[in-house]
Amino acid sequence: MVFPTIPDSLPKVFLLAGAALIIYYFYNNQVVSEKHSRLRETLIRASDSATNLSTRINFELELVDQKYKLFIDSMKFVGSKMKSMNDAEIAQTEKMLNERKQEIIDFRERIAQEQLAYQLKINDQNSIIRTIKDEGANDFDGSNEIPVYLGIFFLFLGYLGFINLQVNQNELLTRQIAQLPKHYDNCQSCGVKFNSVVKYGTEEDRTINKAFCYECYQDGEFERPNLTFSVLINEKKIKGFFAMRKIKNLDRWINSKWE
């Protein structure tokens with residue numbers, strides 16, 4: 001069976017393309033792995049930062065609550081003592097309480113502003129975390145597997161191409177060998193062995209015919225064209241199965257063109 005002829009360079013192109021795609025696949029996997037390592041570190045830092053911000057806000061809110069409770073307790077204590085105070089002491093105490101109250105109010109406003117700022121930072125950190133997770137998901141959406149499948153496909157095509165070339169070369173070599181002239185050690189009519197005494201026969205144009213000896217074949221014709229196998233056996237007194245079979249297998253007696 002002869003496969004369709006293809007250019008000799010085409011299998012090499014397929015193999016090179018397949019190898020390049022597979023190399024790219026492994027290189028890209030390495031790049032993606034390093035990218036994921038960096039994203040993982042960024043994700044950890046972002047998560048830690050969000051956690052720290054949330055902890056700090058909760059701590060400061062608890063501090064405000066504690067200060068407010070202390071202020072209420074001090075108000076109750078001062079209220080119980082104001083009955084024994086004169087007007088100057090009362091005025092001074094009220095001024096102190098108002099300052100303390102204003103201090104707490106200012107502190108609460110500052111905490112509220114910081115809480116808003118921290119909340120915006122937390123939202124930013126959460127946004128970063130979502131972005132990192134989305135990027136990680138996109139890297140493993142299956143599209144990065146395409147190069148390796150294409151690479152394997154091209155390698156397979158290249159392999160088939162080389163098989164095709166090898167088969168065609170074998171077929172060509174077989175035909176060339178078949179067209180080469182056969183080498184005979186014995187005359188293909190009488191069975192005599194060629195040597196320095198037994199010469200080759202000749203064609204009509206005086207070229208040598210290496211299938212028959214000169215006694216059997218000259219000038220493109222058999223010297224005894226009507227010779228039969230039985231007559232040859234009787235003349236040569238050939239006996240025995242193997243000896244007769246050897247003569248029977250000579251070209252003149254098995255090839256119809258000499259009959």
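The values are calculated or read from the model by the stated rules, or taken from the named source; none is laboratory data. All of these numbers come straight from a predicted model, not from anything done at the bench. Every residue, glycine among them, receives a Cβ derived from its backbone with ideal geometry; neighbour counts consider all protein chains shown.
For segment 136-162, filtered to residues that are surrounded by 14 or more Cβ atoms within 10 Å (Cβ to Cβ) and modelled with pLDDT under 65, the residue that is farthest from residue 30 (Cα to Cα) is 136.
Tell me the residue from 232, 150 that is outside the structural domain of residue 23 (by TED's automatic domain parsing) and either touching a residue at least 24 places away in the same chain (Cβ under 8 Å) or not basic (Lys, Arg) (or both), please.
Criteria check complete, one pass: 232.
Consider segment 218-235 and keep the residues that are of a type in the set (A, V, I, L, M, F, W, C) and under 15 Å from residue 188 (Cβ atoms). The one that is surrounded by the most Cβ atoms within 10 Å (Cβ to Cβ) is 232. From the list 89, 99, 34, the lone residue that is exposed (fewer than 13 other Cβ atoms within 10 Å of the Cβ), of a type outside the set (S, T, N, Q), at pLDDT 75 or above and farther than 30 Å from residue 147 by Cα is 99. In the set 3, 14, only one residue is at pLDDT below 80, touching a helix residue (DSSP H, G or I) at 6+ places or on another chain (Cβ under 7 Å), among the aromatic types (Phe, Trp, Tyr) and surrounded by 14 or more Cβ atoms within 10 Å (Cβ to Cβ); that residue is 3.
Would you confirm whether or not segment 235-246 contains a residue that is more than 30 Å from residue 24 (Cα to Cα), touching a residue at least 24 places away in the same chain (Cβ under 8 Å), out of contact with any Leu (no Cβ under 9 Å at 6 or more places or on another chain) and not assigned by TED's automatic domain parsing to the domain that holds residue 26? Yes. Counting only residues that are closer than 30 Å to residue 234 by Cβ and either out of contact with any strand residue (DSSP E or B) (no Cβ under 6 Å at 6 or more places or on another chain) or at pLDDT below 90 (or both), segment 186-209 holds 7 of them.
Of the residues making up segment 170-206, just one is under 20 Å from residue 221 (Cα atoms), free of Cβ contacts under 8 Å to residues at least 24 places away in the same chain and of a type in the set (S, T, N, Q), namely 202.
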